[in-house]
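Nothing in this text is a laboratory measurement; each read-out follows from the coordinates by a stated rule. Keep in mind that what you see is a predicted model, and the values were worked out from it rather than measured. As a convention, Cβ positions derive from the backbone with ideal geometry for all residues, glycine included, and neighbour counts pool all protein chains shown.
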Amino acid sequence: MSNLLELDQLHFALGDRTILRGVSLHLAAREILVIIGPSGCGKTSLLRLVAGLERPASGTITLAGTVLNNERTHIAPERRSVGMVFQGLALFPHLTVAQNVGFGLHALKQDERQHRISEELRSVDLEGLGDRYPHQLSGGQQQRVAIARSLVMRPQVLLMDEPFSDLDSDTRVLVRGEVLRILRAHGTSAIMVTHDREDAVHMADRVAEMRDGAIMGCGKAEDVLQFPDPEKGK
């Protein structure tokens, strides 16, 4: 199977602090890759590089055969076919659900824009809630709005940064299943980062484990996560 996204020897630093140390990963079409690791290990920084929000010191990012980043090239975030669901969701509180979902669709004609919004709300089981505001929704519903806002742009890759971290344990299980259903229904390739091993087991086609800015292993969840969680021993 050919790779949709390829990350090759990415290095990244903030000031004197090295964040990523030669990270190489790939993502196939329709695949869900979960990157697991403790807070501060570089997971979010890696997503920001793929999204174009940061630029690596060195290394190459290639999407569907197009170089997004190397020593000569840096394609701006808005020109990448990459969506991102931020930790904390970053919904606009003063906009309705429909306005949040359609925020990036200003280039479309009004009728096409409304059709796309309605279609996406239906796909995430939020049909009929377009006139509500984020604070009027449950945590799980807000999560689906954030995902719909990204998927409505038809990205080739969806990035999710700790998408379930603000949910209680029961809601987390339900929303995790819903998010997996939505990604499969759309056929969307996705990279999710988390510190929670249960998320990785239930969501991932493959798991990559990150420590101190480096990938320690990548493969099936049962292979990568066979050892005790080092965070629980601290």
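Per-residue counts of other Cβ atoms within 10 Å, averaged by peptide: what ranking do you get for 87-96, 154-163, highest first?
Final packing ranking: 154-163, 87-96.
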Task: Crossing angle, helix 169-186 versus the chain [Cα axis fit, 0-90 degrees, rounded to tens] - done: 80
TODO: Mind putting a number on the dipole of region 1-112 about its Cα centre? Charges go on the C-beta only, +1 for Lys and Arg and -1 for Asp and Glu, and I need it in Debye to the nearest 20.
DONE: 160
- [ ] Extending each Cα 7 Å along its Cβ direction at N70 and S24, get the distance between those two points in nm, one decimal.
- [x] 1.5
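So how much slack lies between E127 and R17, counting 0.36 nm per residue of separation and subtracting their Cα-Cα distance, in nm?
On the way: separation 110, 0.36 × 110 = 39.60 nm, distance 4.60 nm.
So the chain would gain 35.0 nm between E127 and R17.
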Open item on the list: Test of understanding: express the Cα radius of gyration of the chain as a ratio to 2.2 N^0.38 Å, with N the residue count.
Closed with: 1.01
Open item on the list: To the nearest 20 Debye, how big is the dipole of region 149-234 about its Cα centre, given +1 on the beta carbon of each Lys and Arg and -1 on that of each Asp and Glu?
Closed with: 380
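So, R0 is 45 Å and r is the distance between the beta-carbons of A185 and S39; what FRET efficiency does that work out to, to 0.05? Please report the intermediate quantities before stating the final value.
On the way: r = 31 Å, r/R0 = 0.69.
Efficiency at R0 = 45 Å is approximately 0.90.
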- [ ] Tell me the label-point distance for the pair H94, S118, using the 7 Å Cα-to-Cβ offset, in nm and rounded to one decimal.
- [x] 2.9
Task: Ordering of 171-177, 102-108, 31-37, 199-205 by packing [mean C-beta count within 10 Å, highest first] - done: 31-37, 199-205, 171-177, 102-108
- [ ] Could you tell me how many degrees, from 0 to 90 and to the nearest 10, lie between the Cα long axis of helix 139-151 and the main elongation axis, the longest principal axis, of the Cα atoms of the chain?
- [x] 80
Open item on the list: Just the number: Rg to Rh for region 78-184, Cα atoms, Kirkwood Rh, two decimals.
Closed with: 0.94
Open item on the list: Within 10 Å of each candidate Cβ there may be at most 15 other Cβ atoms; applying that plus a DSSP loop requirement, which GluC sites (Glu not before Pro) in region 70-166 survive?
Closed with: E71, E127
TODO: DSSP loop (so not H, G, I, E, B), at most 14 other Cβ within 10 Å: list which trypsin sites (Lys or Arg not before Pro) in region 8-111 pass both filters.
DONE: R72, K109
Task: Over region 9-99: Kirkwood hydrodynamic radius from C-alpha pairwise inverse distances, Å - done: 14.7
